[in-house]
Structure formats: structure tokens, C-alpha cells
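This report refers to the structure that appears directly beneath it.
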Amino acid sequence: MNRLSDENLRARRQLKLSRFVVYLILIFLSVLSLFSFYMLIVNASRSNADLQGGFRLLPSNYFFKNLKNAWTDASINVPRGMLNSFIIAASTAVLATYFSALTAYGIHAYDFKLKKLAFTFIMAVMVIPNQVSAVGFYQMCVKLGWTNNYLPLILPGIAAPIVFFYMKQYMESVLPMEIVDAARVDGSGEFRTFNTIILPMLKPALAVQLIFTFVESWNNYFMPALLLDKAEMKTVPLMIAQLRSADYSKFDMGKVYMFILLAILPVVVVYIFLSKSIIKGVTAGSVKG
Amino acid sequence: MNQLREKAPAKHKSISYAKWGYLFIAPFFITYAIFKLYPLFLTIYNSFFENYRSGLKQVGPNFVGLANYIKLFTPDANGIIDIIKYTGNTVVLWLGGAIPQIVIALLLAIFFTSYRLNIKGQQFFKTVIYMPNLIMASAFSMLFYTLFSNVGPVNQLLMQMGIAEKPIDFFAIKITVRSLICLMNFLLWFGNTTILLMAGIMGIDQNMFEAANIDGATSTQTFFRVTLPLLTPILVYTVITALIGGLQMFDVPQVLTNGAGNPNRSSMTLIMFLNSYLKTSKNYGMAGAISVIIFIITGLLSMLVYRSLTKKD
């Protein structure tokens, strides 16, 4: 009896210890994930002179001055860049989400000869990186006079295999075909059924994909860097790269940190409010074990 | 009218909705053909031509057969055209980030799903570790550049603590540049992988764990004999998609090294190499040949993905 409770005690102590170690690891990784962003905020709140002076762990009071300086900078037009990025990212997100749902519905709800082939094709091209066709894409855009134009950055969003796959998975789990039949009996046209009955049923999936496609486009660097070279057309990542290639030593460092902060802030703000559904969305469509 | 009414019920059953299927998927396929497929063929076509700009002079396009490919694999005097080296760089930079990414993600996924440990504050930890995945990689890289630059806070701290006498030029040392790239890739992706693997573990039949528990298996035994074998398909999927993502590595090293891949091009990745031909000399031929090689590698890896996913069914 005594031995048993002894063992029990030991097991409990061991569990306590392993729990302690696990929390330690989790806290370490959280700090590692957040520390660079913390330093970013601290440094964005310090003046250039202060920043030259040395390392500090606590924020200062220069935040809004830096914000004003960065916002009104003559060579790097941040508000314009953010507006450009927003236009591209928002349009891409809407197109990618809507047309992926449409494509997924086309394959989910109808029977046709090439259905299986179409599905296999989309699954097969899902893994082809965009960069692989960049040479031809760029050449085509030059020929069409589509450089310094947002269309070639937005329109390809209509064909987004990963978003399609997510929508298809989602439909398989939530969309009963009886509803479609009922709508048909009521005389609703196929296209209207999709827009007014199906789309509202997909709301959670649409929201998650709007966020993901927006973020992806907002962060995109490779393609816009090829296609956009006019200053007033540039997106945020291009301005960041421009910052990197400029003569760095002459910069007001407080302003540089503020630029970086502004580049990532919109996404972080959205994430803070919607993190729960975003994290749920990571898994819902991506793994099929 | 009468006729129509008579016909309607009979016809109802045989109405074919097939055309709607084609109509609904048409925008995807038209867009894909114009913006992906045609450019892909154009890229492959270009790889057999000499076609570039030299100063103001345009050379080509002239058909040269496989000359671009031969050039890619023949080391040149300046050591700039060296696709094997850049493939090696890409693999090293990928492994350095992906190994800790997958090992730690697996560890965290097990912590989070363990009933015995019963970790509190999971939502908080998940939110924090996933966040970097959404951050603009180029801005994240720029941030690391400023933090580790000669006048940045890391050097300031090292000097204030008396560890270094003068600033360490982290970006002139191969091992520090590579380590920073690996660290960033790790931070950007390990939260995402954790969440994927967690979903995988939670998808395993709980009875398996209970049975193992009743049979007196230790947690190590449970992990290696139950969790890991059942998790293998998802793990393979994770590894291979990470590998395909790794092949595309661009933003982080490009911004960190300002496109040069310094020191001595030891952090130049395949896509950075491709980009260098597109940006300045508009060398469609060489860029095309590099693209085709990346395409072939991706194709081979995709076949692995496909196999790993369909094996189970």
C-alpha cells in the first residue's frame, strides 16, 4: 500500500516536472517569435540620435514623430504604396475567393464528362510554383504593354488551385445537394442559385480564404518586382526592398523601423482580431490524411 | 401550351446540367491557360534560344538548342554561372530551417494534444507561434537586416556588454548569413507546421492511445509505436510541401543580401539566380533554362506528394 502511493507520488512529481519543462519550451518559443517584433516597436519609437546611442529594451516617446516622418517621406511614398498594395490585394482576394468557389461548385454539383479530368488537372498543377513560368509571363506582359499595370497581378487570381481545393473540401462537408434540387424546383436559375443560396452557405470558408489570399497578395514580392518599376505604382514589399538597396547609413533609422512596422501592421491588426478563425482555417482544407 | 405542359414532367428527369458544370469551371481554365500554361510553354520555348540585352544592344532571339543548359552546368571563369552551387545553397538553407521546423512542430503538436500534460493557454501559444507565418517575408528580412547591421541593436548590445570591441559584420560571414536565413524561415513556418501536425494527431483514433495506455506503454513508446506510424502520411505531406516551398525560397535571402547572395554568393538561391537574369539583362534564354530545371525538380517532388497522398486510399 505504502509502496503504491510512493510510486504514485513519484509519477505525479514527474508529470509536474515535464509540465514545467514543456511550459518553459513554449515560453521560449513564444519569446523567440515575438522578440524581433518587440524590438521593431521599441526602435520605431526612438529618435535617430537615440538609436545611434545604443541598445535599449524599453520604448521611447518618438513614435508619432517617426510615424509622421515616415508617412510624409518624399522618396518612399508609404501611403501610396499601401493604397497600391491594398487595391491589388483586395481585388485578388475577391476574384480568387469568388471564382474558386464557382469552380469548386461546378465540379462538386454537376456531372459532366470531363469532370474527373478537370479535377485531376487542378490538383496536379497545384504544386507548380509561379516563378517557374515567370519568364514567359513577363515576356507576355511586355508584349501586351502590361508592365506597370495591376491587371497581370490581379487577374491570375481567378485560377487559384489551392483556394479551389479548400472550397471543394468545404463543400463536401457542408453542402447537401437537396438544397440545390429544392432551388431548381422553385425555378431558380443555376447561376442565381449559386450566388444567392450557395455562396451564403459558404460564408466561413469564404471569409478564411479572403484573408489568406489577401495576405498572400499583400506580401507578394517576386512578381510585382518584375512588373512594376514606376515609383507611384510600387507596392509595399518593393518599397521595403528599395529601402534595403539605398545607402543605408544616411537614413533616419527611426523612420526605417517605422517603414517596416507600417508594412506588417495591417496584417497583424487583422490577425489579432481574427486569429481564432484564421488558425482553424489553416487545417480545414489543407490536410487529407 | 398544352403540349408543353404534357412534356414538362417527362423532360424534367432528363434535363442535363452538364453545360453548367463546364460554364462554372470555364473562368478558371481560361485564366489558367492564359496566365500560367501559355507562359509556361513560352518559358520552355525560350530556354532553347539566345535572347538577351547587352547594354543597349539586343542579342537574338537565335535558336541555340541546348546551349543554355550546357552553359548552366559549365562553371565559368567568374564563378557566377554555377547552378549546382545555387541548388546546393538552396538545399542547405532549406534544411537548416526545415529540420528544426518539423522536429519542433512535431514536439509542440504532441505537447498540445497530450491529455496527460493538459497544457493551458493553448490558444495563446498557437496564436503567437503562428503569427510570423502571415508576416511579409521581405519586411521580416529587412527587420533582421536592421537588427543585425553594423549599427544595429545586436551589435550595440554586444559592444555594451563588452563581448565585441567593434561591430561584427554579420553579413560578411557565410555562417551567420546562412544561420539568419534559416532562423527566419524557421520562425516563419514552424507555427504553421505545428497546427497541421496537431490536426493530424487529433485525427488519429483516440482508442489507439487508450489501448496503448491500458497496455502500460510509456509516452515514448506511445509516440514511436502509435503516433509516429499513424502520422506518417501527413508528415510526408508536410515534408514534401515544405520542400517545394523551399525550392521557391526568394524573399528572405533576396532582401537580406540585397539580391547579391553574399558573401561570395553562398546564400544565392535558385530563384534569386533566376531573378538576376530577368531583372538586369532580360536574359530570357538562361532564365528559361533555369526555370525548366526548377520545373523538373518540382515535378519529381510532386509525384512523391501524389504517391504519399494516394497510397492510403
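The values are calculated or read from the model by the stated rules, or taken from the named source; none is laboratory data. For clarity, every value in this text was computed on a predicted model and none was experimentally measured. All Cβ positions, even for glycine, are placed from backbone atoms using ideal geometry, and neighbour counts span all protein chains on display. With ligands, DNA and RNA removed, areas are computed over all heavy atoms of the protein, side chains included. Shrake-Rupley method; radii C 1.70, N 1.55, O 1.52, S 1.80 Å.
Here the relative contact order of the range A:2-64, from alpha carbon pairs under 8 Å that lie six or more residues apart, stands at 25 percent.
Accessible surface comparison of B:V91, B:V239, probe 1.4 Å, protein chains only, largest first: the order is B:V91, B:V239. Per-residue surface analysis assigns A:K230 an accessible area of about 100 Å², computed on protein heavy atoms at 1.4 Å probe radius.
The accessible area of B:D215, taken with all protein chains in place and a 1.4 Å probe, comes to roughly 130 Å². Under 1.5 on a/c is rounded, so check that first for the protein assembly as shown, then, if it is not, pick prolate when a/b is larger than b/c and oblate when it is not; a ≥ b ≥ c are the square roots of the alpha carbon gyration tensor eigenvalues. It comes out oblate by the Cα gyration axes.
Once every DSSP H run of n ≥ 4 in chain A is given -39500 (n - 2.57) and the sum is divided by its residues, what mean residue ellipticity at 222 nm do you get, rounded to the nearest 500 deg cm²/dmol?
Estimated from H runs of four or more residues: -23500 deg cm²/dmol.
Taking every protein chain into account, the 1.4 Å probe leaves B:I129 with about 10 Å² of accessible area, to the nearest ten.
Taking B:W20, B:W94, B:W189 in turn, the Gaussian network model of chain B (Cα-Cα springs below 10 Å) assigns the largest fluctuation to B:W20. Placing a pseudo-label 7 Å from each Cα along the Cα-to-Cβ vector at B:R116 and B:T232 gives an inter-label distance of 2.4 nm.
Positive end of the dipole of the range A:67-285 (Cβ unit charges, origin at the Cα centre): among A:T97, A:M167, A:Y257, the Cα lying farthest that way belongs to A:Y257. Neighbouring Cβ atoms from other chains, within 10 Å of the Cβ of residues in A:218-228, number 4 on average.
When the pairs A:K230/B:K279; A:K113/B:K19; A:K68/A:K234; A:K250/B:K166; B:K57/B:K282 are compared against a 18 Å limit on Cα-Cα distance, A:K68/A:K234; A:K250/B:K166 fall above it.
Helices of chain B meeting both criteria, an alpha-carbon length of 24 angstrom or more along the long axis and an average Kyte-Doolittle score not below -0.5, with helices taken as full DSSP H segments, are B:83-113, B:174-202, B:228-247, B:284-310. Within the range A:92-168, the ratio Rg/Rh, alpha carbon atoms throughout and Rh by Kirkwood, equals 1.04. Which lysines have a Cα less than 20 Å from the Cα of A:K16, not counting those fewer than 8 places away in the same chain? Leaving aside lysines fewer than 8 places away in the same chain, those within reach of A:K16 are B:K120. Quick one: grab the alpha carbon gyration tensor of chain B, order the square roots of its eigenvalues as a ≥ b ≥ c, and give me rounded if a/c is under 1.5, else prolate or oblate depending on whether a/b is larger than b/c. Oblate.
Counts of other chain beta carbons within 10 angstrom of each beta carbon in peptide A:119-130 average 5. Computed over protein heavy atoms with a 1.4 angstrom probe, the accessible surface ordering of B:Y284, B:Y22, largest first, is B:Y22, B:Y284. The distance linking the range B:122-189 with the range B:22-83 is 35 Å (Cα centroid to Cα centroid, whole angstrom).
Once you sort the root eigenvalues of the Cα gyration tensor of chain A as a ≥ b ≥ c, which label holds: rounded (a/c under 1.5), prolate (a/b larger than b/c) or oblate (the other case)? The shape class here is oblate.
Of the residues A:L32, A:L265, A:L226, which exhibits the maximal mean-square fluctuation in a Gaussian network model of chain A defined by a 10 Å Cα contact cut-off? Per the Cα network of chain A with a 10 Å cutoff, A:L32 tops the list.
Residue separation of B:K57 and B:I99 scaled by 0.36 nm, minus their Cα-Cα distance, works out to 10.5 nm of gained length. When chain A is treated as a Gaussian network with alpha carbon springs shorter than 10 Å, the biggest mean-square fluctuation among A:F64, A:F99, A:F214 belongs to A:F64. Counting only lysines at least 8 places from B:K36 when in the same chain, those with an alpha carbon closer than 18 Å to its own are A:K143. Between the range A:48-120 and the range A:161-228, how many Å separate their Cα centres? Using only Cα atoms to place each centre, the spacing works out to 20 Å. In terms of accessible area, using a 1.4 Å probe and ignoring ligands and nucleic acids, A:Y257, B:Y145, A:Y38 rank largest first as A:Y38, B:Y145, A:Y257.
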